[in-house]
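The next block holds one structure in the form of structure tokens; read it before the comments.
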């Protein structure tokens, strides 16, 4: 399983200019089950993506290169892989 932390590195007006495109890019990845949850940080200094396991960190990083936020250079990314030791039973299908 992966947590992806996005940090905005450009002014908010530049982030907002590609936000709709970024959210559209997320849609098929949420629909496929790759991304379990996505959303902005509070306060809005970046975002968080929760991605299921099963692939490699390198594969996820390659996929993220197509994110409009990364293409536009408005966010930096930190991909954190972790192995859940305890989780709600309903989460098992996402691991």
In this structure, is residue 23 closer than 26 Å to residue 8 by Cβ, surrounded by 11 or more Cβ atoms within 10 Å (Cβ to Cβ) and modelled with pLDDT under 95? no
Number of positions in segment 61-81 that are surrounded by fewer than 14 Cβ atoms within 10 Å (Cβ to Cβ) and under 13 Å from residue 21 (Cβ atoms): 2
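Suppose the filter is exposed (fewer than 12 other Cβ atoms within 10 Å of the Cβ), out of contact with any helix residue (DSSP H, G or I) (no Cβ under 6 Å at 6 or more places or on another chain), more than 16 Å from residue 68 (Cα to Cα) and modelled with pLDDT of 95 or more; does residue 42 pass it? Outline the logic, then answer.
Details: exposed (fewer than 12 other Cβ atoms within 10 Å of the Cβ): yes; out of contact with any helix residue (DSSP H, G or I) (no Cβ under 6 Å at 6 or more places or on another chain): yes; more than 16 Å from residue 68 (Cα to Cα): yes; modelled with pLDDT of 95 or more: yes.
Judged against the criteria, residue 42 is a match.
The values are calculated or read from the model by the stated rules, or taken from the named source; none is laboratory data. Source: prediction; values computed, not measured. Every residue, glycine among them, receives a Cβ derived from its backbone with ideal geometry; neighbour counts consider all protein chains shown.
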